């Protein structure tokens, strides 16, 4: 099992409408046939010194194996998301775990 966790920090001037469109586009990634499970979220209201709540959106995708992850990376839905929404990224951090 591969967990692909992406944290997005959107630019400060991103509007609420743009954030809604961004989230909707993340939802389309459910359509990638190799995605086994998906979670899209925003920072939980947990105040602890070890918890980072500075990001805008969290995306966690689960794949059976690395080959299925690799299919996702070049999938048209993933590429379409990047093509349309990377202009809103201020910062992106990715954690992959098996």
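Answer yes or no as to whether residue 30 is more than 24 Å from residue 12 (Cα to Cα), modelled with pLDDT of 95 or more, surrounded by 11 or more Cβ atoms within 10 Å (Cβ to Cβ) and under 12 Å from the mean Cα position of the chain (by Cα). Criteria met by residue 30. The residue pairs whose first member lies in the range 13-28 and is over 16 Å from residue 87 (Cβ atoms), whose second member is assigned to a helix (DSSP H, G or I), and whose beta carbons are closer than 8 Å, counting only pairs six or more residues apart or on different chains, are 28/77; 28/80; 28/81.
Taken together, the residues in the range 44-86 that are modelled with pLDDT of 95 or more, more than 27 Å from residue 17 (Cα to Cα) and either over 16 Å from the mean Cα position of the chain (by Cα) or surrounded by 11 or more Cβ atoms within 10 Å (Cβ to Cβ) (or both) amount to 10.
The values are calculated or read from the model by the stated rules, or taken from the named source; none is laboratory data. None of these values were measured; they are calculated from a predicted model. Counting neighbours? That spans all protein chains shown, and the Cβs are built from the backbone with ideal geometry, glycine included.
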